[in-house]
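Engineer: Below are the structure tokens for one structure; questions will follow.
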Amino acid sequence: MNVHESKPSDKLNGLQTSDIPTIRLLPENVSSKIAAGEVVERPASVVKELVENSLDAGATEITVEIDAGGCERISVVDNGRGIRKDDVELAFQRFATSKVAEASDLSEISTLGFRGEALPSIAAVSTVSLITKIRDEELGIRLIVTDGEILDSQLYGAPDGTTVAVNNLFQNFPARRKFLRAVATELSRVRSFIVRYALAYPEVKFRLVADGSESVTTIGSGDLREAIVSIYGLDVGQAMLEISYDSENIDSEKINVTGMVSPPSIHRSSRNFTSIFVNRRWVQSRSLLYALEQSYKGFLMERRFPVAAVNVNLPLTDVDVNVHPAKTEVRFRQENQVFAALQQTVRRSITEHSPIPEVNLLDSTRSFHSGNAVSSRFWPIETFPKHTQEYEMSYPDGREGSQNHTSTPFRKALPALRILGQVQTKYVIAEGPDGVYLIDQHAAHERVMFEKIREKLASLSLEAQSLLEPVTVDLSLDQRELFVAQQKLFFDIGFQVEPFGGLIYLIRAVPVLLSNKDPAQIFIDVLASMEEGGSFDSWNERAAHSIACHSAIRAGQSLSDKEMTELTRQLEECLEPNTCPHGRPTITHISLLQMDRGFGRR
Ligand code: ADP
Ligand code: MG
């Protein structure tokens, strides 16, 4: 059937040809605004583009000032080589760049910028004032561009270098302005960019001033450790391990990994402190992060992350940076080799500096009933409370027997278990009605704590432990924002924390359940895990989970028989004993049939 022979019921029927829109090329001032959205998503992306331009111009000093998270004003001052007067207007045209001349250049990009899109995109959505002067000339030039139109251009006295000031970002884009999150969030994004560049370019002196107060300052000595000290503090800076590159251990001699990583004793609850660069470009690559984190396998607890500033150097032709307008994604020609090089190099420096990886296991050999293998001790069943015997058996895999007790009719029950021992100080092994059961001690305890805390929180009966001496804690802007928004909840869970000026807070009390931890660290950890949130719907559940996670026994902790029995008993009382609050299993099962088959009995 021909498309024109449409039936009367067709939707198109009755439409006049004049109703059908014609296709037109967008005028340049419209298309540039659309394109701008890809490059300039938010204040932090403006800062990123401007700082990249300064670095590309060979600046050794870069000062960034932002007001109201960058929404009102962003200014970037550099002492780089500047722009020739004749070129200044061109720099504001799309795809105008001094960095790439022909297509073949795109396969060998050595600069941070190359698309020629940043300045025109920024000027399309704000008012930009650019002042620049090159060394050979006496006077510089100042250009003012608003909504993509040049308003003013005049000779201007200025020091060598370039100053770009961006005012009223997204002035004509109320939708985008509204979409931007709180000032504090924007500032913390900007800050995290500056921190990354400061780590990638320790020879450059960086300053970030936010609403008049200094937020980041580095000295630009060229020494990475000094940059780390300026950013993460003396303790972290001094402890960082230099990565020792050893070409013999790495397949490709073209790949070179340098930088610093934290020893296993220093770790954080989020990935914000892990920076990976490829040819000194900060990349946010899941797989590279994974490779780095794998190097810490056996050294770090679950959900703890290293502090790292690591640069992967490789030939320009082996990496494609022209993947996305924001240029934070890259593709490698030989991906596996890059991962292997990163992982091996980091792993090597960690193991060299920490000769005993199984710290926890060695510790636990002091207690007599655990070790690398299944403990050989058995415990009698009588430690189980009576009620568990009264359940008809049901199974972790979901098959359920009938329950004859009405007190908890909807609860999934666990089978009655007899504890056999502990495996790898991580799993409790038990015998049940149909074979052997392994319980993940951390996951199980997390479930137990989660349900208890959730209940107590609902009845406002979580207890606080006052500190003998209040402790100060220095929050990030993100952390402060979250704390301020959830102040009542923090109080309800037992944290008594009050402002002490700026980003400093005073901790007066902590939840009793967490009173054996370092108060400042645990407060920050709870903030971080609440921010991450997991899959929880309510803030109360997030908070309950956060405390549960931090108070639960860990893998690596050796348990007495009494503790294991108690843990199993408490797990049995849970509403949802079979999974941890994240939904991972708490218990797995090897059936008798599986065992018999394994031994060729069936
Ligand atoms: P790109 O960086 O991709 O080339 P931009 O739009 O960011 O594109 O900048 C356009 C051009 O303006 C650059 O190629 C560069 O020549 C010049 N330029 C921009 N910022 C600076 C700066 N801070 N110092 C010197 N030159 C600059
Ligand atoms: Mg650029």
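Engineer: I'd like to check something: does the range 183-199 contain any residue that is of a type outside the set (V, I, T) and in a loop (DSSP other than H, G, I, E, B)? Even if it seems obvious, please write down each step before you answer.
Structural biologist: Narrowing the range 183-199 to residues of a type outside the set (V, I, T): 184, 186-189, 191-193, 196-199.
Filter again for in a loop (DSSP other than H, G, I, E, B), leaving none.
Within the range 183-199 (the criterion being of a type outside the set (V, I, T) and in a loop (DSSP other than H, G, I, E, B)), the answer is no, since none of the residues qualifies.
Engineer: Something else: Within the range 116-126, track down each residue that is more than 7 Å from ligand 1 (Cβ to nearest atom), assigned to a loop (DSSP other than H, G, I, E, B) and not hydroxyl-bearing (S, T, Y). Break it down into steps so the answer makes sense when it comes.
Structural biologist: From the range 116-126, those more than 7 Å from ligand 1 (Cβ to nearest atom) are 121-126; that's our starting set.
Now restrict to residues that are assigned to a loop (DSSP other than H, G, I, E, B): 125-126.
Answer for the range 116-126, where residues must be more than 7 Å from ligand 1 (Cβ to nearest atom), assigned to a loop (DSSP other than H, G, I, E, B) and not hydroxyl-bearing (S, T, Y): just V125.
Engineer: Next up: Here is a list of conditions, (1) under 21 Å from R281 (Cα atoms); (2) assigned to a loop (DSSP other than H, G, I, E, B), and S104 meets all of them except one; can you say which number that is?
Structural biologist: With (1) under 21 Å from R281 (Cα atoms); (2) assigned to a loop (DSSP other than H, G, I, E, B) applied to S104, the lone miss is (2).
Engineer: In the list S153, S121, S98, which residue meets the criterion of being over 27 Å from V216 (Cβ atoms), of a type outside the set (F, W, Y) and within 16 Å of ligand 2 (Cβ to nearest atom)?
Structural biologist: Values: S153 fails: within 16 Å of ligand 2 (Cβ to nearest atom); S121 fails: over 27 Å from V216 (Cβ atoms).
The conditions single out S98.
Engineer: Within the range 194-210, does at least one residue satisfy the condition of being crowded, with 23+ Cβ neighbours inside 10 Å, within 12 Å of ligand 1 (Cβ to nearest atom) and among the β-branched types (V, I, T)?
Structural biologist: no
Engineer: Scan (1) assigned to a loop (DSSP other than H, G, I, E, B); (2) in contact with a Lys or Arg (Cβ under 9 Å, 6 or more places away or on another chain); (3) surrounded by fewer than 20 Cβ atoms within 10 Å (Cβ to Cβ) for the single condition E531 breaks and write down its number.
Structural biologist: Result: E531 passes all but (1).
Engineer: Just checking, does the range 70-83 include any residue being part of a helix (DSSP H, G or I) and either at pLDDT 95 or above or under 25 Å from G220 (Cα atoms) (or both)?
Structural biologist: Filtering the range 70-83 down to residues part of a helix (DSSP H, G or I) leaves 70.
From what is left, the residues that are either at pLDDT 95 or above or under 25 Å from G220 (Cα atoms) (or both) are 70.
So far as the range 70-83 goes, yes, one or more of its residues are part of a helix (DSSP H, G or I) and either at pLDDT 95 or above or under 25 Å from G220 (Cα atoms) (or both).
Engineer: Moving on. Quick one: in the range 67-115, of everything that is within 13 Å of ligand 1 (Cβ to nearest atom) and acidic (D, E), which residue is surrounded by the fewest Cβ atoms within 10 Å (Cβ to Cβ)?
Structural biologist: Here the answer is D86.
Engineer: While we're looking at this one, here's another question. R176: among the basic types (K, R) and touching a Phe, Trp or Tyr at 6+ places or on another chain (Cβ under 9 Å), yes or no? Talk me through it step by step, then tell me what you get.
Structural biologist: Details: among the basic types (K, R): yes; touching a Phe, Trp or Tyr at 6+ places or on another chain (Cβ under 9 Å): yes.
So R176 passes the test.
Engineer: Among residues belonging to the range 285-337 that are among the aliphatic types (A, V, I, L, M) and over 21 Å from N272 (Cβ atoms), point out the one that is surrounded by the most Cβ atoms within 10 Å (Cβ to Cβ). Steps first, please.
Structural biologist: Applying the first criterion (among the aliphatic types (A, V, I, L, M)) to the range 285-337 yields 288-289, 291-292, 300-301, 307-310, 312, 314, 316, 319, 321, 323, 326, 330.
Add one more test, that the residue is over 21 Å from N272 (Cβ atoms), and what stays is 314, 316, 319, 321, 323.
Working: L314: 20, L316: 12, V319: 23, V321: 21, V323: 12.
Applying the filter and picking the extreme gives V319.
Engineer: Is it fair to say L575 is on the phi < 0 side of the Ramachandran plot and buried (at least 18 other Cβ atoms within 10 Å of the Cβ)?
Structural biologist: On the way: on the phi < 0 side of the Ramachandran plot: yes; buried (at least 18 other Cβ atoms within 10 Å of the Cβ): no.
Spelling it out, it is not the case that L575 is on the phi < 0 side of the Ramachandran plot and buried (at least 18 other Cβ atoms within 10 Å of the Cβ).
Engineer: Which one is modelled with the highest pLDDT among residues in the range 564-602 that are part of a helix (DSSP H, G or I) and in contact with a Leu (Cβ under 6 Å, 6 or more places away or on another chain)? Give the derivation first.
Structural biologist: Just the residues of the range 564-602 that are part of a helix (DSSP H, G or I), to begin with: 564-572, 592-598.
Subset that is in contact with a Leu (Cβ under 6 Å, 6 or more places away or on another chain): 568, 572.
Details: T568: 91, E572: 85.
Checked the range 564-602; the qualifying residue modelled with the highest pLDDT is T568.
Engineer: Residue under question is Y437, and the condition is that it be at pLDDT below 90 and in contact with a strand residue (DSSP E or B) (Cβ under 8 Å, 6 or more places away or on another chain); does it hold? I'd like the intermediate steps shown before the answer.
Structural biologist: Working: at pLDDT below 90: yes; in contact with a strand residue (DSSP E or B) (Cβ under 8 Å, 6 or more places away or on another chain): yes.
Yes.
Engineer: Can you run down the residue pairs with Cβ atoms below 6 Å, 6 or more apart or on separate chains, where the first is in the range 98-120 and more than 19 Å from T317 (Cβ to Cβ) and the partner is in a loop (DSSP other than H, G, I, E, B) and hydroxyl-bearing (S, T, Y)?
Structural biologist: G116/T97
Engineer: Residues V64, V47: which one is in a helix (DSSP H, G or I), more than 9 Å from ligand 1 (Cβ to nearest atom) and crowded, with 24+ Cβ neighbours inside 10 Å?
Structural biologist: V47 is the lone residue from the list that is in a helix (DSSP H, G or I), more than 9 Å from ligand 1 (Cβ to nearest atom) and crowded, with 24+ Cβ neighbours inside 10 Å.
Engineer: Failed condition for I250, given (1) farther than 24 Å from A341 by Cα; (2) surrounded by 17 or more Cβ atoms within 10 Å (Cβ to Cβ); (3) modelled with pLDDT under 85; (4) not basic (K, R), with all others met?
Structural biologist: (1)
Engineer: Can L90 be described as at pLDDT 95 or above, assigned to a helix (DSSP H, G or I) and either within 16 Å of ligand 2 (Cβ to nearest atom) or not basic (K, R) (or both)? Quick ask: steps written out before the conclusion?
Structural biologist: On the way: at pLDDT 95 or above: no; assigned to a helix (DSSP H, G or I): yes; either within 16 Å of ligand 2 (Cβ to nearest atom) or not basic (K, R) (or both): yes.
When the stated conditions are applied, L90 does not pass them.
Engineer: Looking at D136 and the list (1) more than 16 Å from ligand 2 (Cβ to nearest atom); (2) touching a Ser or Thr at 6+ places or on another chain (Cβ under 7 Å); (3) of a type outside the set (S, T, Y), which single condition is not satisfied?
Structural biologist: Failing condition for D136: (2).
Engineer: Which condition breaks for V166 when tested against (1) within 16 Å of ligand 2 (Cβ to nearest atom); (2) within 17 Å of S45 (Cα to Cα); (3) in a loop (DSSP other than H, G, I, E, B)?
Structural biologist: It is condition (3) that V166 fails.
Engineer: Can you work out which of the residues in the range 475-500 that are without any contact (Cβ under 8 Å) to a residue 60 or more places away in the chain and of a type in the set (S, T, N, Q) is surrounded by the fewest Cβ atoms within 10 Å (Cβ to Cβ)?
Structural biologist: Taking the range 475-500 as the starting set, the residues that turn out to be without any contact (Cβ under 8 Å) to a residue 60 or more places away in the chain are 475, 479, 482-500.
From the residues that got through so far, the ones that are of a type in the set (S, T, N, Q) too are 479, 486-487, 496.
On the way: Q479: 21, Q486: 19, Q487: 13, Q496: 16.
Only one residue fits best here, namely Q487.
Engineer: Looking only at the range 137-153, filter to residues that are at pLDDT 90 or above and not in a strand (DSSP E or B); which one of those is surrounded by the fewest Cβ atoms within 10 Å (Cβ to Cβ)?
Structural biologist: Going through the qualifying residues, I end up with E138.
Engineer: Looking at A158, is it crowded, with 16+ Cβ neighbours inside 10 Å and part of a helix (DSSP H, G or I)? Break it down stepwise before answering.
Structural biologist: Values: crowded, with 16+ Cβ neighbours inside 10 Å: yes; part of a helix (DSSP H, G or I): no.
Answer is no for this residue.
The values are calculated or read from the model by the stated rules, or taken from the named source; none is laboratory data. This is a predicted model, so every value here is computed, not measured. As a convention, Cβ positions derive from the backbone with ideal geometry for all residues, glycine included, and neighbour counts pool all protein chains shown.
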